[in-house]
Amino acid sequence: MEVQLSTSLFFFLSTTLLLASTTAGHFFSPISDDTDYIRTSCETTRYPQTCFKSLSGYSGAIQHDPGRLARVAIHVALFNATHMANYVSDIPRRNDSGNTLESAALNDCSSVFGDAVDEIRQSYKEMKRLGWTGESVKFQLSNVQTWMSAALTNENTCTDGFEQVADSGVKADVCDRVVTVTEVTSNALALVNSYADKITA
């Protein structure tokens, strides 16, 4: 799992550099019209404020392209899920409370977040291949929707595992962090759904 997560982190860093290098200087100086497009698009998501905050910095790369918007949203979700997976897997080494229920919940959380990272990574790869595989874009997007939905389910499963665990600093910290990650993932799925609705073939 550690090797897999390290690979995921390397993947994120390399794709971040790629995104930044293709924005023609707009990455750090977004045009207001581009950010307005993101703000309007984010209104269709469940967590519009989180959506705009996490995506507005990429407005120069996204411009007014719903496909790019969905792809970048998945990229952001991948970063957040990967960071969370690494964080949860490291807790037992930093804090051995001796609480077996808490330890079991942490192990389960680490496992399901590992699965979520894999599913979001698959989604991102598929988004980059849209129209290049001989399959219909609609079919490819249906795959992305399936994987992103599964990732969101896995992320929510993490907090479900803490329901029987006594309140503690670790439980509160993990559950609070999961909320942030699930919001970003949910928004990415919503933007994929919105883009898919615009595709006819």
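Tabulated data for the structure shown
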{"item": "Matching option when the condition is in a helix (DSSP H, G or I), touching a Phe, Trp or Tyr at 6+ places or on another chain (Cβ under 9 Å), within 23 Å of residue 131 (Cβ to Cβ) and free of Cβ contacts under 8 Å to residues at least 24 places away in the same chain, among 39, 68", "result": "68"}
{"item": "Test: residue 105 is in contact (Cβ under 8 Å) with a residue 60 or more places away in the chain, farther than 24 Å from residue 50 by Cα and of a type outside the set (Val, Ile, Thr)", "result": "yes"}
{"item": "Residue within the stretch 160-175 that is within 17 Å of residue 123 (Cβ to Cβ), at pLDDT 95 or above and in contact with a helix residue (DSSP H, G or I) (Cβ under 9 Å, 6 or more places away or on another chain) present", "result": "no"}
{"item": "Condition broken by residue 136, with the remaining ones in (1) surrounded by fewer than 18 Cβ atoms within 10 Å (Cβ to Cβ); (2) farther than 24 Å from residue 72 by Cβ satisfied", "result": "(2)"}
{"item": "Number of the condition not met by residue 61 [criteria: (1) more than 22 Å from residue 175 (Cα to Cα); (2) modelled with pLDDT under 95; (3) surrounded by fewer than 19 Cβ atoms within 10 Å (Cβ to Cβ)]", "result": "(3)"}
{"item": "Answer from 142, 186 - the residue that is polar (S, T, N, Q) and within 13 Å of residue 123 (Cα to Cα)", "result": "142"}
{"item": "Search result, residues across the stretch 153-173 that are part of a helix (DSSP H, G or I) and among the small types (Gly, Ala, Ser)", "result": "169, 172"}
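The values are calculated or read from the model by the stated rules, or taken from the named source; none is laboratory data. Because the structure is a prediction, the values reported are computed rather than measured. We place every Cβ from the backbone using ideal geometry, glycine too, and count neighbours over all the protein chains shown.
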